[in-house]
Amino acid sequence: MHLTDPIADMLTRIRNANTVCHEMVDVPMSKVKVEIARILKEEGYIKNYKTVTEGEGSFPVLRIFLNYGPNRERVIQGIRRISKPGRRVYAGRDELPKVMGGLGVAVISTSKGMMTDARARREGLGGEVVCYVW
């Protein structure tokens, strides 16, 4: 299956699984998606992630384990794709966005890899604004 925007597909799968309180969600694997999952885990939005290859000759899958509060309240309140294939959004080091007044996280693709907006601000880097998570 060919997708125009695989990152938006990953975020939509996470959003949908989170809405119906699934424990995990599988997405086709890529290096960029693994980096986004790493950031989500570091920030506490997901429990864990791992790569899984089901059978011989099958494509690897990124399995994401979603995180919920003690009474099944959602940790991820919202997740939104910002830079799209049809309209790329870039931010300089002085223009990095703050999501929900600093309560959320913006994932930024920089020359030194994927990182949060706070880390990019500390390192003085700008880049492509991939998504917002709050």
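The values are calculated or read from the model by the stated rules, or taken from the named source; none is laboratory data. Remember, predicted model here, so these are calculated numbers, not experimental data. For neighbour counting, all protein chains shown are included, and Cβ atoms are generated from backbone atoms with ideal geometry for every residue, glycine included. All accessible areas refer to the heavy atoms of the entire protein, side chains included, with ligands and DNA or RNA removed. Shrake-Rupley method; radii C 1.70, N 1.55, O 1.52, S 1.80 Å.
I'd like to know if segment 69-83 contains one or more residues that are in contact with an Asp or Glu (Cβ under 8 Å, 6 or more places away or on another chain) and either over 25 Å from Thr4 (Cβ atoms) or modelled with pLDDT under 95 (or both). Quick ask: steps written out before the conclusion?
Taking segment 69-83 and keeping what is in contact with an Asp or Glu (Cβ under 8 Å, 6 or more places away or on another chain), we get 81, 83.
When the remaining residues are screened for being either over 25 Å from Thr4 (Cβ atoms) or modelled with pLDDT under 95 (or both), the result is none.
No - not one qualifying residue is present in segment 69-83.
Within segment 100-114, can you find the residues that are hydrophobic (A, V, I, L, M, F, W, C) and open to solvent by 60 Å² or more (accessible area, probe 1.4 Å)? Show your work before the answer.
At the first step, the residues of segment 100-114 found to be hydrophobic (A, V, I, L, M, F, W, C) are 100, 103, 105-108, 114.
Within segment 100-114, Met100, Leu103 qualify.
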Do you know which residues across segment 75-108 are over 16 Å from the mean Cα position of the chain (by Cα), among the basic types (Lys, Arg) and farther than 22 Å from Glu123 by Cβ? Arg87
Pro97 - would you say it is touching a strand residue (DSSP E or B) at 6+ places or on another chain (Cβ under 8 Å), part of a loop (DSSP other than H, G, I, E, B) and surrounded by fewer than 19 Cβ atoms within 10 Å (Cβ to Cβ)? yes
Result of the Cβ filter at 8 Å on segment 1-15, keeping first residues that are closer than 13 Å to Met29 by Cβ and modelled with pLDDT under 95 and partners that are basic (Lys, Arg) and open to solvent by 30 Å² or more (accessible area, probe 1.4 Å), at least 6 apart or interchain, is none
Determine, yes or no, whether Arg80 is surrounded by fewer than 18 Cβ atoms within 10 Å (Cβ to Cβ) and outside any loop (DSSP other than H, G, I, E, B). yes
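When the residues of segment 84-94 are narrowed to those that are open to solvent by 40 Å² or more (accessible area, probe 1.4 Å) and free of Cβ contacts under 8 Å to residues at least 40 places away in the same chain, which ends up farthest from Ile7 (Cα to Cα)? Don't jump to the end; show me each part of the working.
In the first step, residues of segment 84-94 are kept if they are open to solvent by 40 Å² or more (accessible area, probe 1.4 Å); the result is 84-88, 90, 93-94.
With the extra rule that they be free of Cβ contacts under 8 Å to residues at least 40 places away in the same chain, the set shrinks to 86-87, 90, 93-94.
Numbers: Gly86: 13, Arg87: 14, Tyr90: 16, Arg93: 23, Asp94: 25 Å.
My answer is Asp94.
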Just need a number here: residues in segment 1-60 that are buried (at least 16 other Cβ atoms within 10 Å of the Cβ) and touching a helix residue (DSSP H, G or I) at 6+ places or on another chain (Cβ under 6 Å). 6
